[in-house]
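Visitor: Below is one structure. I have some questions about it.
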Amino acid sequence: MLLDPLTWMPASRSEEVLAALDAEFAAHTSAETHGSAIELATSPHENVACALDELAGLRGRLAHELEGLELAGAVAGTHPLATWEDTEVSPGARYQFLYSSLRELARREPTFALHVHVGIPDPVSAVRALNGVREHLPLLLALTANSPFWQGRDSGLASARTPVFQVFPRTGGPRYFDDYAAYVEAIDVLLRCDAIPEPTFVWWDARLQPSLGTLEVRVMDAQTRVSDTGALVALVQSMVRREALERDDTWPPSLPEVLGENRFLAARDGMRAEFVSPEDGRCAPVTERLARVLADVAPHAREVGCAPELAWIHHLATQPGDARQRAIAARPHGLRGVLRALHGDFVAARAEPALPA
C-alpha cells in the first residue's frame, strides 16, 4: 500500500511511482485496481529461499524509491483507516474496464493479498492439485489473517479483507472439477458470452493459470513480514506437490457448504477458529488441522528443499498478523501506530531474523 508518511492515509499515486522506476525494476511491479496499491512480483524460482531473497530486495528497493517521492510503503490485508472516499480507481485500461463493469463496487476499500504460483507439468496433475488444495483453502486463510481493522474500527474479524474483496463477482472457493475439460468449459462459457474479457477476471481463491503453467493460490492476506511469506510459500509449494502426486481421487470432495462455512470461520477467527469437521462429527480447532497438514507435507518440503522455511509456520501460527495488529492498536497511538509499525516492517525486510535451520 502507498501511504502519505505524514498522515498514514492512502496515497493514490501508483502511476507516478511506476513511471519513476527503471525498466529492470518496473518489470517486477504493476498497478492494481486502486491507485494506492502496487503489486510486487518475483521472478519464477526453483526454491523458496531464492524467491524470498528477491522479495526482500524488491521491498527494500521500493521503500527507497518511495522515500524519494515523499511516500511510504506498507503491507497488510487492508489499510486500517481507509474508507471508500479515500480510494481512486487506477487509470489503466483494465481497471477502468473494471469500474465500468462493477460500477461503484470497484471503489470499495483497497485490499491486499498474497498470491503464490506453483508450476505443474500437465493439466491432469493441475486439476488434481486444484481439487486437493481446495480442501485446505480455509486453513490457509486462517493462517494468514492479517486485516482485523476496517474503516477505522475493529471489524471483529481476523481477515476483514475476505468479505470486503468478496463484493466482487467470481470470488470465493472454486468448485470441484472432474477433469481439465470441465475447468476449461467453466471459464470458456464466460468468455464466449462476453461476460469477462479474459480468464484472469475470475478471482477464485485458487485458480489455474494455463498461460503460465501454474496453479495460483490467492486466498491469503498479504503478509507484513517476509519470513511469514516464506513460510506460506513453502507450505503452498509442498501442499500442491503432495496433492498432485498423492491425492486419492476416490475420496469424496468436501461439501461446498462445509468449505464455505470453514472459510467464514477462518476469516472471522483466524487461528482461533474451530472448523466444521464432518469426519470427526464435531467442530475441531484449526490447530489440529494444521498439525495434520504439516505432517502430510513434510516429506515433500524436504524433497524440494523448503523444510527450513516451512518450519517458520509454527511462529506464524502462534503470532498471526491479526493478533499482532490488535496488540499494537491497543497502545497510545492506536491505528496510526499500526500503520507506522507496518511501514517499519516494510523498510526492515532485509533485516529480518534468519529462518531456523
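Derivation of every value follows stated rules applied to the coordinates shown; laboratory data play no part. The shown structure was predicted, so the numbers you read here are calculated from the model rather than taken from an experiment. Backbone-built Cβ (ideal geometry, glycine too); neighbour counts: all protein chains shown.
Visitor: Let me know the charge dipole size of the stretch 2-351 about its Cα centre in debye, to the nearest 20, where only the beta-carbon of Lys, Arg (+1) and Asp, Glu (-1) is charged.
Guide: 860 debye
Visitor: I would also like to ask the following. Multiply the residue separation of A181 and R326 by 0.36 nm, subtract the distance between their alpha-carbon atoms, and state the gained length in nm to one decimal.
Guide: On the way: separation 145, 0.36 × 145 = 52.20 nm, distance 4.54 nm.
Working it through step by step, the gained length comes to 47.7 nm.
Visitor: Looking at the square roots a ≥ b ≥ c of the eigenvalues of the Cα gyration tensor of the stretch 129-188, which shape do they give, rounded for a/c under 1.5, prolate if a/b is larger than b/c, or oblate?
Guide: oblate
Visitor: Which residues does the label zone of W84 cover in the stretch 122-161, counting backbone N under 17 Å from a point 7 Å along Cα→Cβ?
Guide: Backbone N within reach: 150-153, 161.
Visitor: How big is the dipole moment of the stretch 1-55 about its Cα centre under a simple scheme where the beta carbon of each Lys and Arg is +1, that of each Asp and Glu is -1, and everything else is neutral? Debye, nearest 20, please.
Guide: Charge dipole of the stretch 1-55: 200 debye, to the nearest 20.
Visitor: Taking 51 Å as R0, compute the FRET efficiency from the Cβ-Cβ separation of V124 and A348 and round it to 0.05.
Guide: Approximately 0.70, to the nearest 0.05.
Visitor: Starting from one equal scatterer on each C-alpha and no solvent at all, send me the Debye-based log10 I(q)/I(0) for the stretch 203-357 at q = 0.15, 0.17, 0.20 Å⁻¹, two decimals.
Guide: Calculated log10 I(q)/I(0) at the listed q: -0.99, -1.24, -1.52.
Visitor: Still on this structure: Just rank S125, S277, S211, fewest to most, by other beta-carbon atoms within 10 angstrom.
Guide: Ordered by Cβ neighbours within 10 Å, fewest first: S211, S277, S125.
Visitor: Given only helices, namely DSSP H runs of n ≥ 4 each adding -39500 (n - 2.57), what is the per-residue ellipticity at 222 nm of the chain, to the nearest 500 deg cm²/dmol?
Guide: After summing the helix terms and dividing by the residues of the chain, the value is -14000 deg cm²/dmol.
Visitor: Tell me, rounded to the nearest percent, the portion of alpha carbon pairs in the stretch 210-296 spaced more than 21 Å apart.
Guide: Across the stretch 210-296, Cα pairs with separations above 21 Å total 41 percent.
Visitor: How much net charge surrounds F201 when only other residues with a Cβ under 10 Å from its Cβ are counted (Lys, Arg +1; Asp, Glu -1)?
Guide: Taking every other residue near F201 into account, the sum is +1.
Visitor: Here's a follow-up. Take the alpha-carbon positions of the stretch 2-351, form their convex hull, and give its projected area averaged over all directions (one quarter of the hull surface) in nm².
Guide: Numbers: hull surface 67.8 nm².
Mean shadow area of the hull around the Cα atoms is 16.9 nm².
Visitor: Please report the net charge: other residues with Cβ closer than 14 Å to the Cβ of G173, K and R +1, D and E -1.
Guide: The answer is +1.
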